[in-house]
Amino acid sequence: MQVLILGSGVIGTSVAYYLARAGHEVTVLERQPAPALETSFGNAGEVSPGYSAPWAGPGVPVKAIKWMLMQHSPLVVKPMLDPAMWRWGLSMLRNCTQARYELNKGRMVRLAEYSRDCLKALRADTGIQYDERMQGTLQLFRTQQQLDGTAKDVEVLKASGVPYQVLDREGCLPYEPALAAVKEKFVGGLRLPGDETGDCFKFTQALARLAEAAGVTFRFGVNIQAIEHDAAKGVTAVRTDKGKFTADRYVVALGSYSPALVRPLGIDLPVYPVKGFSITVPITDADGAPESTVMDETFKVAVTRLGDRIRVGGTAQLSGFDLALNPRRRDTLEHVVTDLFPKGGNVRDASFWTGLRPMTPDGTPVVGATRIPNLMLSTGHGTLGWTMAAGTGRVMADLIAGKAPEIDMEGLTVARYGG
Ligand SMILES: Cc1cc2nc3c(=O)[nH]c(=O)nc-3n(C[C@H](O)[C@H](O)[C@H](O)COP(=O)(O)OP(=O)(O)OC[C@H]3O[C@@H](n4cnc5c(N)ncnc54)[C@H](O)[C@@H]3O)c2cc1C
(Lines give C-alpha, C1' and ligand atoms only; values in the text may rest on other atoms or scores of the structure.)
Protein backbone atom coordinates (compact mmCIF):
# COMPACT_ATOMS: atom_id res chain seq x y z
CA MET A 1 0.00 0.00 0.00
CA GLN A 2 1.18 3.59 -0.68
CA VAL A 3 1.28 5.68 2.49
CA LEU A 4 2.01 9.41 2.75
CA ILE A 5 3.22 10.60 6.13
CA LEU A 6 2.99 14.30 6.93
CA GLY A 7 5.80 15.37 9.27
CA SER A 8 9.20 13.93 10.12
CA GLY A 9 9.47 14.47 13.86
CA VAL A 10 10.10 11.47 16.09
CA ILE A 11 6.47 10.39 15.60
CA GLY A 12 6.23 10.60 11.79
CA THR A 13 9.66 8.99 11.39
CA SER A 14 8.76 6.10 13.72
CA VAL A 15 5.53 5.48 11.82
CA ALA A 16 7.49 5.53 8.52
CA TYR A 17 10.04 3.01 9.82
CA TYR A 18 7.50 0.45 11.03
CA LEU A 19 5.40 0.80 7.88
CA ALA A 20 8.42 0.25 5.63
CA ARG A 21 9.40 -2.82 7.67
CA ALA A 22 5.90 -4.16 7.05
CA GLY A 23 6.45 -3.80 3.29
CA HIS A 24 4.52 -0.60 2.48
CA GLU A 25 5.59 2.06 -0.01
CA VAL A 26 6.13 5.12 2.20
CA THR A 27 6.82 8.80 1.44
CA VAL A 28 7.38 11.38 4.19
CA LEU A 29 6.80 15.11 3.60
CA GLU A 30 8.67 17.55 5.83
CA ARG A 31 9.23 21.31 5.59
CA GLN A 32 12.63 21.26 7.32
CA PRO A 33 15.84 20.14 5.56
CA ALA A 34 16.15 17.01 7.81
CA PRO A 35 14.15 14.98 10.37
CA ALA A 36 13.56 16.11 13.97
CA LEU A 37 14.46 19.78 13.63
CA GLU A 38 11.38 21.08 15.45
CA THR A 39 9.95 19.77 18.77
CA SER A 40 11.83 16.46 18.57
CA PHE A 41 15.17 18.30 18.46
CA GLY A 42 16.02 19.38 22.01
CA ASN A 43 13.71 17.66 24.48
CA ALA A 44 14.67 16.54 27.98
CA GLY A 45 15.62 13.03 26.82
CA GLU A 46 13.48 10.96 29.17
CA VAL A 47 11.92 7.73 27.94
CA SER A 48 9.73 7.59 30.96
CA PRO A 49 6.70 5.30 31.09
CA GLY A 50 6.95 5.66 34.89
CA TYR A 51 6.12 9.36 34.67
CA SER A 52 3.39 8.95 32.08
CA ALA A 53 0.63 11.01 33.59
CA PRO A 54 -1.50 13.91 32.39
CA TRP A 55 -0.72 17.39 33.66
CA ALA A 56 -4.42 17.77 34.40
CA GLY A 57 -5.01 16.24 37.82
CA PRO A 58 -6.72 16.93 41.15
CA GLY A 59 -5.18 19.95 42.91
CA VAL A 60 -3.44 21.20 39.76
CA PRO A 61 -5.51 24.42 39.37
CA VAL A 62 -4.41 25.59 42.85
CA LYS A 63 -0.82 24.47 42.28
CA ALA A 64 -0.83 26.31 38.92
CA ILE A 65 -1.52 29.63 40.66
CA LYS A 66 1.32 28.97 43.10
CA TRP A 67 3.70 28.01 40.26
CA MET A 68 2.92 31.17 38.30
CA LEU A 69 3.96 33.28 41.31
CA MET A 70 7.35 31.56 41.77
CA GLN A 71 10.57 33.33 40.72
CA HIS A 72 11.69 30.32 38.61
CA SER A 73 8.18 29.45 37.54
CA PRO A 74 7.47 26.08 35.86
CA LEU A 75 4.27 27.53 34.33
CA VAL A 76 3.87 30.74 32.31
CA VAL A 77 0.61 31.88 30.74
CA LYS A 78 0.68 34.86 28.36
CA PRO A 79 -2.85 36.32 28.38
CA MET A 80 -3.86 36.31 24.71
CA LEU A 81 -7.01 36.70 22.68
CA ASP A 82 -6.68 33.19 21.32
CA PRO A 83 -10.00 31.29 21.57
CA ALA A 84 -8.19 27.97 20.90
CA MET A 85 -6.01 28.54 23.96
CA TRP A 86 -8.93 29.35 26.26
CA ARG A 87 -11.01 26.43 24.96
CA TRP A 88 -8.05 24.12 25.49
CA GLY A 89 -7.46 25.52 28.99
CA LEU A 90 -11.09 25.04 30.01
CA SER A 91 -11.07 21.51 28.70
CA MET A 92 -7.89 20.83 30.67
CA LEU A 93 -9.58 22.14 33.84
CA ARG A 94 -12.47 19.73 33.25
CA ASN A 95 -9.90 16.92 33.23
CA CYS A 96 -8.62 17.83 36.70
CA THR A 97 -10.92 15.43 38.60
CA GLN A 98 -9.64 12.22 40.21
CA ALA A 99 -11.79 10.06 37.94
CA ARG A 100 -10.59 11.75 34.71
CA TYR A 101 -6.98 11.68 35.94
CA GLU A 102 -7.10 7.93 36.49
CA LEU A 103 -8.78 7.28 33.15
CA ASN A 104 -6.30 9.47 31.24
CA LYS A 105 -3.27 8.11 33.07
CA GLY A 106 -4.35 4.54 32.36
CA ARG A 107 -4.50 5.31 28.62
CA MET A 108 -1.10 7.03 28.64
CA VAL A 109 0.63 4.29 30.63
CA ARG A 110 -0.82 1.65 28.27
CA LEU A 111 0.85 3.26 25.24
CA ALA A 112 4.03 4.33 27.06
CA GLU A 113 4.80 0.89 28.54
CA TYR A 114 4.15 -0.75 25.18
CA SER A 115 6.37 1.84 23.54
CA ARG A 116 9.30 1.04 25.83
CA ASP A 117 8.96 -2.64 24.91
CA CYS A 118 8.92 -1.69 21.21
CA LEU A 119 12.01 0.50 21.69
CA LYS A 120 13.86 -2.41 23.35
CA ALA A 121 12.96 -4.71 20.47
CA LEU A 122 13.98 -2.03 17.95
CA ARG A 123 17.38 -1.67 19.65
CA ALA A 124 17.88 -5.43 19.61
CA ASP A 125 16.89 -5.64 15.91
CA THR A 126 18.91 -2.71 14.60
CA GLY A 127 21.63 -1.78 17.12
CA ILE A 128 20.44 1.85 16.83
CA GLN A 129 22.49 4.25 19.01
CA TYR A 130 21.38 7.58 20.43
CA ASP A 131 23.38 8.24 23.64
CA GLU A 132 20.98 5.85 25.33
CA ARG A 133 21.20 4.85 29.01
CA MET A 134 19.06 2.39 30.93
CA GLN A 135 19.64 3.62 34.48
CA GLY A 136 16.18 4.74 35.55
CA THR A 137 15.12 8.26 36.52
CA LEU A 138 15.13 10.00 39.90
CA GLN A 139 12.49 12.53 40.98
CA LEU A 140 14.23 14.72 43.56
CA PHE A 141 12.39 16.29 46.49
CA ARG A 142 13.71 19.40 48.18
CA THR A 143 11.09 19.37 50.97
CA GLN A 144 9.72 16.75 53.36
CA GLN A 145 6.23 17.73 52.22
CA GLN A 146 7.10 16.71 48.64
CA LEU A 147 8.56 13.41 49.84
CA ASP A 148 5.48 12.67 51.98
CA GLY A 149 3.30 13.61 49.00
CA THR A 150 4.68 10.66 46.97
CA ALA A 151 2.24 8.34 48.78
CA LYS A 152 -0.45 9.09 46.17
CA ASP A 153 1.91 8.59 43.22
CA VAL A 154 3.16 5.36 44.74
CA GLU A 155 -0.41 4.03 44.89
CA VAL A 156 -0.81 4.74 41.17
CA LEU A 157 2.57 3.16 40.35
CA LYS A 158 1.66 0.06 42.38
CA ALA A 159 -1.69 -0.24 40.66
CA SER A 160 -0.04 0.08 37.21
CA GLY A 161 2.69 -2.45 38.12
CA VAL A 162 5.49 0.12 37.58
CA PRO A 163 8.60 -0.68 39.68
CA TYR A 164 9.72 2.16 42.00
CA GLN A 165 11.92 2.97 45.01
CA VAL A 166 11.23 5.67 47.61
CA LEU A 167 14.67 6.84 48.77
CA ASP A 168 15.94 9.04 51.59
CA ARG A 169 18.79 11.46 50.97
CA GLU A 170 21.57 8.89 51.39
CA GLY A 171 19.60 6.38 49.35
CA CYS A 172 19.74 8.65 46.26
CA LEU A 173 23.53 8.87 46.23
CA PRO A 174 24.47 5.42 44.83
CA TYR A 175 22.36 6.24 41.76
CA GLU A 176 23.45 9.85 41.37
CA PRO A 177 26.86 10.14 43.12
CA ALA A 178 27.45 13.78 42.04
CA LEU A 179 24.54 14.83 44.28
CA ALA A 180 26.69 14.00 47.36
CA ALA A 181 28.28 17.45 46.99
CA VAL A 182 24.90 19.19 47.42
CA LYS A 183 23.05 16.72 49.62
CA GLU A 184 21.80 19.36 52.07
CA LYS A 185 19.62 20.72 49.23
CA PHE A 186 17.23 17.75 49.06
CA VAL A 187 15.57 15.28 51.41
CA GLY A 188 14.99 12.26 49.17
CA GLY A 189 13.62 10.97 45.91
CA LEU A 190 11.41 8.60 44.01
CA ARG A 191 13.35 6.39 41.61
CA LEU A 192 11.83 4.64 38.62
CA PRO A 193 14.38 1.97 37.66
CA GLY A 194 12.52 0.94 34.50
CA ASP A 195 12.86 4.35 32.82
CA GLU A 196 15.46 5.08 30.16
CA THR A 197 17.10 8.16 28.64
CA GLY A 198 18.52 9.13 25.25
CA ASP A 199 18.82 11.82 22.60
CA CYS A 200 15.56 11.99 20.65
CA PHE A 201 17.17 13.96 17.81
CA LYS A 202 19.97 11.41 17.32
CA PHE A 203 17.44 8.58 17.52
CA THR A 204 15.14 10.14 14.92
CA GLN A 205 17.98 10.87 12.52
CA ALA A 206 19.32 7.31 12.86
CA LEU A 207 15.85 5.83 12.48
CA ALA A 208 15.27 7.91 9.33
CA ARG A 209 18.45 6.40 7.84
CA LEU A 210 17.18 2.90 8.69
CA ALA A 211 13.79 3.77 7.22
CA GLU A 212 15.45 5.05 4.05
CA ALA A 213 17.43 1.82 3.79
CA ALA A 214 14.10 -0.03 4.08
CA GLY A 215 12.72 1.96 1.12
CA VAL A 216 11.14 5.12 2.61
CA THR A 217 11.38 8.30 0.51
CA PHE A 218 11.86 11.49 2.53
CA ARG A 219 10.93 14.74 0.77
CA PHE A 220 12.46 17.59 2.76
CA GLY A 221 11.85 21.31 2.22
CA VAL A 222 8.20 20.64 1.34
CA ASN A 223 5.60 22.96 2.88
CA ILE A 224 2.24 21.28 3.30
CA GLN A 225 -0.55 23.75 2.53
CA ALA A 226 -3.78 21.75 2.59
CA ILE A 227 -5.30 18.28 2.64
CA GLU A 228 -7.75 17.97 -0.27
CA HIS A 229 -10.78 15.72 0.13
CA ASP A 230 -14.24 14.96 -1.14
CA ALA A 231 -17.18 13.37 0.60
CA ALA A 232 -17.11 10.14 -1.41
CA LYS A 233 -13.39 9.38 -1.66
CA GLY A 234 -12.07 10.91 1.57
CA VAL A 235 -8.62 12.46 1.18
CA THR A 236 -7.75 12.86 -2.49
CA ALA A 237 -4.35 14.64 -2.30
CA VAL A 238 -2.00 16.70 -0.16
CA ARG A 239 -1.27 20.11 -1.62
CA THR A 240 2.22 21.54 -1.04
CA ASP A 241 4.50 24.27 -2.39
CA LYS A 242 6.18 21.49 -4.42
CA GLY A 243 2.99 20.18 -6.01
CA LYS A 244 0.37 17.59 -5.07
CA PHE A 245 1.08 14.20 -3.52
CA THR A 246 -1.32 11.25 -3.50
CA ALA A 247 -1.40 7.86 -1.76
CA ASP A 248 -3.78 5.14 -0.55
CA ARG A 249 -3.45 6.25 3.09
CA TYR A 250 -2.49 9.53 4.73
CA VAL A 251 -1.00 9.92 8.23
CA VAL A 252 -0.93 13.35 9.88
CA ALA A 253 2.06 13.63 12.26
CA LEU A 254 2.58 17.39 12.22
CA GLY A 255 2.81 17.92 15.98
CA SER A 256 1.27 21.23 17.10
CA TYR A 257 0.53 22.17 13.47
CA SER A 258 -1.85 19.25 12.91
CA PRO A 259 -5.20 20.87 13.95
CA ALA A 260 -5.11 23.65 11.34
CA LEU A 261 -4.69 21.15 8.49
CA VAL A 262 -7.46 18.76 9.55
CA ARG A 263 -10.01 21.42 10.61
CA PRO A 264 -11.24 22.01 7.00
CA LEU A 265 -12.03 18.26 6.91
CA GLY A 266 -14.41 18.69 9.85
CA ILE A 267 -12.01 17.23 12.43
CA ASP A 268 -11.78 19.34 15.57
CA LEU A 269 -8.49 18.30 17.14
CA PRO A 270 -7.85 19.91 20.54
CA VAL A 271 -4.06 19.97 20.31
CA TYR A 272 -2.43 23.19 21.53
CA PRO A 273 1.28 24.20 21.55
CA VAL A 274 2.76 24.20 25.05
CA LYS A 275 6.14 25.84 24.77
CA GLY A 276 9.13 24.42 26.59
CA PHE A 277 12.83 25.28 26.78
CA SER A 278 16.11 23.43 27.14
CA ILE A 279 19.79 24.15 27.45
CA THR A 280 22.52 21.69 26.46
CA VAL A 281 25.71 21.98 28.48
CA PRO A 282 28.99 20.30 27.42
CA ILE A 283 30.27 18.16 30.33
CA THR A 284 33.58 19.35 31.76
CA ASP A 285 33.78 16.95 34.73
CA ALA A 286 32.02 13.60 34.22
CA ASP A 287 32.07 12.84 37.97
CA GLY A 288 30.13 16.04 38.61
CA ALA A 289 27.43 15.29 36.01
CA PRO A 290 24.20 13.29 36.38
CA GLU A 291 24.26 9.56 35.60
CA SER A 292 20.74 9.54 34.21
CA THR A 293 17.77 11.93 34.63
CA VAL A 294 17.24 13.89 37.83
CA MET A 295 13.83 15.54 37.81
CA ASP A 296 13.77 18.50 40.21
CA GLU A 297 10.22 18.42 41.55
CA THR A 298 10.32 22.00 42.86
CA PHE A 299 11.07 23.61 39.48
CA LYS A 300 9.74 20.76 37.28
CA VAL A 301 13.06 20.75 35.45
CA ALA A 302 14.71 17.54 34.18
CA VAL A 303 18.50 17.26 34.10
CA THR A 304 19.68 14.41 31.87
CA ARG A 305 23.03 12.97 30.86
CA LEU A 306 23.21 12.57 27.06
CA GLY A 307 26.68 11.25 26.19
CA ASP A 308 29.16 14.07 26.83
CA ARG A 309 26.41 16.66 27.36
CA ILE A 310 23.87 17.57 30.04
CA ARG A 311 20.39 18.39 28.73
CA VAL A 312 18.28 20.53 31.05
CA GLY A 313 14.63 20.90 30.05
CA GLY A 314 11.43 22.30 31.46
CA THR A 315 8.81 25.10 31.64
CA ALA A 316 5.28 25.01 30.29
CA GLN A 317 4.40 28.26 28.56
CA LEU A 318 1.09 29.02 26.89
CA SER A 319 1.85 31.67 24.28
CA GLY A 320 0.62 30.26 20.97
CA PHE A 321 3.14 29.45 18.24
CA ASP A 322 5.68 32.06 19.31
CA LEU A 323 9.23 30.61 19.27
CA ALA A 324 11.09 33.50 20.92
CA LEU A 325 13.93 32.48 23.27
CA ASN A 326 13.19 34.23 26.56
CA PRO A 327 16.37 34.69 28.66
CA ARG A 328 14.34 34.39 31.91
CA ARG A 329 13.51 30.76 31.05
CA ARG A 330 17.19 30.12 30.46
CA ASP A 331 17.95 31.56 33.93
CA THR A 332 15.65 28.95 35.49
CA LEU A 333 17.34 26.06 33.68
CA GLU A 334 20.80 27.37 34.55
CA HIS A 335 19.75 27.83 38.15
CA VAL A 336 18.65 24.19 38.53
CA VAL A 337 21.69 22.60 36.87
CA THR A 338 24.23 24.77 38.70
CA ASP A 339 22.42 24.22 42.00
CA LEU A 340 22.43 20.40 41.68
CA PHE A 341 25.49 19.73 39.50
CA PRO A 342 27.78 22.74 40.03
CA LYS A 343 30.84 20.93 38.67
CA GLY A 344 29.24 19.08 35.73
CA GLY A 345 29.68 21.75 33.05
CA ASN A 346 29.84 25.43 32.36
CA VAL A 347 26.42 26.92 31.56
CA ARG A 348 28.06 29.83 29.72
CA ASP A 349 28.92 27.32 26.96
CA ALA A 350 25.38 25.96 26.74
CA SER A 351 23.11 26.18 23.70
CA PHE A 352 19.53 27.37 24.29
CA TRP A 353 16.48 25.93 22.51
CA THR A 354 12.70 26.06 22.54
CA GLY A 355 10.01 23.71 21.19
CA LEU A 356 6.23 23.39 21.15
CA ARG A 357 4.78 20.32 22.85
CA PRO A 358 1.68 19.21 20.91
CA MET A 359 -0.61 18.84 23.94
CA THR A 360 -4.12 17.51 24.28
CA PRO A 361 -6.15 18.72 27.29
CA ASP A 362 -6.34 15.14 28.65
CA GLY A 363 -2.64 14.39 28.11
CA THR A 364 -3.31 11.32 25.95
CA PRO A 365 -2.15 11.48 22.32
CA VAL A 366 -4.46 11.05 19.34
CA VAL A 367 -3.42 7.93 17.47
CA GLY A 368 -5.25 5.90 14.83
CA ALA A 369 -8.30 6.10 12.60
CA THR A 370 -10.59 9.06 11.90
CA ARG A 371 -14.06 8.93 10.39
CA ILE A 372 -12.41 9.60 6.99
CA PRO A 373 -11.39 6.05 6.05
CA ASN A 374 -8.05 6.85 4.36
CA LEU A 375 -6.92 9.46 6.93
CA MET A 376 -5.14 8.61 10.20
CA LEU A 377 -3.74 10.76 12.99
CA SER A 378 -0.56 10.47 15.06
CA THR A 379 -0.23 13.61 17.11
CA GLY A 380 -0.91 15.23 20.47
CA HIS A 381 1.92 13.39 22.28
CA GLY A 382 2.55 16.48 24.44
CA THR A 383 5.15 15.96 27.15
CA LEU A 384 5.83 12.35 26.21
CA GLY A 385 6.31 12.07 22.45
CA TRP A 386 9.81 10.62 22.75
CA THR A 387 8.58 8.09 25.32
CA MET A 388 5.64 7.01 23.16
CA ALA A 389 7.19 7.16 19.67
CA ALA A 390 8.18 3.55 19.02
CA GLY A 391 4.85 2.21 20.30
CA THR A 392 2.95 4.74 18.20
CA GLY A 393 4.86 3.70 15.08
CA ARG A 394 4.17 0.03 15.72
CA VAL A 395 0.45 0.55 16.43
CA MET A 396 0.01 2.66 13.28
CA ALA A 397 1.76 0.06 11.12
CA ASP A 398 -0.53 -2.66 12.49
CA LEU A 399 -3.67 -0.56 11.94
CA ILE A 400 -2.69 0.28 8.36
CA ALA A 401 -1.98 -3.40 7.67
CA GLY A 402 -5.50 -4.18 8.95
CA LYS A 403 -4.10 -6.08 11.95
CA ALA A 404 -5.30 -5.64 15.52
CA PRO A 405 -2.62 -3.68 17.46
CA GLU A 406 -1.07 -5.46 20.45
CA ILE A 407 -2.62 -2.89 22.81
CA ASP A 408 -6.24 -1.87 23.25
CA MET A 409 -6.96 1.33 21.28
CA GLU A 410 -9.78 2.40 23.63
CA GLY A 411 -9.51 6.14 24.34
CA LEU A 412 -6.51 6.72 22.07
CA THR A 413 -8.25 7.89 18.87
CA VAL A 414 -9.92 11.18 17.99
CA ALA A 415 -13.29 9.48 18.54
CA ARG A 416 -13.02 10.43 22.23
CA TYR A 417 -13.58 14.06 21.21
CA GLY A 418 -16.42 13.09 18.88
CA GLY A 419 -14.06 13.59 15.86
C1 LIG B 1 11.27 21.28 26.62
C2 LIG B 1 10.69 19.96 26.21
C3 LIG B 1 11.06 18.81 26.90
C4 LIG B 1 10.51 17.57 26.56
N5 LIG B 1 10.96 16.45 27.20
C6 LIG B 1 10.49 15.23 26.85
C7 LIG B 1 11.00 14.05 27.47
O8 LIG B 1 11.90 14.11 28.29
N9 LIG B 1 10.45 12.85 27.12
C10 LIG B 1 9.47 12.77 26.17
O11 LIG B 1 8.97 11.66 25.93
N12 LIG B 1 8.99 13.86 25.53
C13 LIG B 1 9.49 15.09 25.84
N14 LIG B 1 9.03 16.21 25.20
C15 LIG B 1 7.95 16.06 24.21
C16 LIG B 1 8.44 15.58 22.85
O17 LIG B 1 9.60 16.29 22.46
C18 LIG B 1 7.31 15.77 21.82
O19 LIG B 1 6.13 15.15 22.27
C20 LIG B 1 7.69 15.17 20.47
O21 LIG B 1 8.92 15.69 20.00
C22 LIG B 1 6.59 15.43 19.43
O23 LIG B 1 6.99 14.84 18.23
P24 LIG B 1 6.16 15.04 16.90
O25 LIG B 1 6.84 14.23 15.87
O26 LIG B 1 4.72 14.84 17.17
O27 LIG B 1 6.30 16.62 16.59
P28 LIG B 1 7.49 17.40 15.86
O29 LIG B 1 8.81 16.94 16.30
O30 LIG B 1 7.19 18.85 16.00
O31 LIG B 1 7.31 16.95 14.36
C32 LIG B 1 6.34 17.50 13.49
C33 LIG B 1 7.02 17.77 12.16
O34 LIG B 1 6.06 18.29 11.25
C35 LIG B 1 6.69 19.27 10.46
N36 LIG B 1 5.66 20.19 9.96
C37 LIG B 1 4.77 20.90 10.67
N38 LIG B 1 3.96 21.62 9.85
C39 LIG B 1 4.38 21.34 8.59
C40 LIG B 1 3.93 21.77 7.31
N41 LIG B 1 2.91 22.63 7.14
N42 LIG B 1 4.57 21.29 6.22
C43 LIG B 1 5.60 20.40 6.35
N44 LIG B 1 6.05 19.97 7.52
C45 LIG B 1 5.45 20.43 8.64
C46 LIG B 1 7.65 19.95 11.42
O47 LIG B 1 8.71 20.57 10.71
C48 LIG B 1 8.13 18.81 12.29
O49 LIG B 1 9.35 18.26 11.86
C50 LIG B 1 9.56 17.48 25.51
C51 LIG B 1 9.20 18.62 24.80
C52 LIG B 1 9.75 19.85 25.13
C53 LIG B 1 9.37 21.06 24.34
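The values are calculated or read from the model by the stated rules, or taken from the named source; none is laboratory data. Owing to the predicted nature of the structure, the values given are computational and were not obtained by experimental measurement. All Cβ positions, glycine included, derive from the backbone under ideal geometry; neighbour counts span all protein chains shown. Calculation scope for accessible area: heavy atoms of the full protein, side chains included, ligands and nucleic acids excluded. Shrake-Rupley method; radii C 1.70, N 1.55, O 1.52, S 1.80 Å.
Before moving on, here are some points about what is shown:
- Residues of the stretch 332-361 with amide N under 19 Å of the 7 Å Cα→Cβ point at Q32: 351-359
- Legend: distances between Cα atoms for K120/K202; K105/K403; K158/K403; K63/K343; K105/K300; K275/K343; pairs beyond 23 Å are K105/K403; K158/K403; K63/K343; K275/K343.
- In this view, the solvent-accessible surface of T137, computed with a 1.4 Å probe and all protein chains in place, comes to about 0 Å².
- Using a probe radius of 1.4 angstrom, the carbon and sulfur fraction of the accessible surface of the chain is 54%.
- Separation between Cα centres of the stretch 105-134 and the stretch 141-171, rounded to whole Å: 23
- Accessible area in square angstrom per residue, the chain, 1.4 angstrom probe: 40
- Antiparallel %, DSSP beta bridges [both residues in the chain], to 5: 70
- Within the full protein context, the accessible area of F201 is estimated at about 50 Å² for a probe radius of 1.4 Å.
- In percent, rounded to a whole number, the relative contact order of the stretch 197-258 is 18, using alpha-carbon pairs under 8 Å and six or more apart.
- The label-point distance for A180 and N223, in a model that sets each label 7 Å from Cα toward Cβ, rounds to 5.6 nm.
- The stretch 1-26 and the stretch 316-354: distance between their alpha carbon centers, rounded to Å: 34
- Order of exposure, largest accessible area first, which applies to T387, T338 with probe 1.4 Å: T338, T387
- Segment K242-S351, length gained on full extension (0.36 nm per residue, minus Cα span): 35.9 nm
- Cα-centre dipole for the stretch 1-115 with unit charges at Cβ (Lys and Arg positive, Asp and Glu negative), debye to 20: 480
- Largest accessible area first, the residues K66, K403 order themselves as K66, K403 under a 1.4 Å probe with ligands, DNA and RNA left out.
- Spacing of the two label points (7 Å from each Cα toward its C-beta) at R209 and E410, in nm: 4.3
- Within the straight-line cut-off of under 26 Å between alpha carbons, the lysines reachable from K244 are K233, sequence neighbours fewer than 8 places apart in one chain being disregarded.
- Sorting M80, M388, M1 by solvent-accessible area of protein heavy atoms yields M1, M80, M388, largest first, with a 1.4 Å probe.
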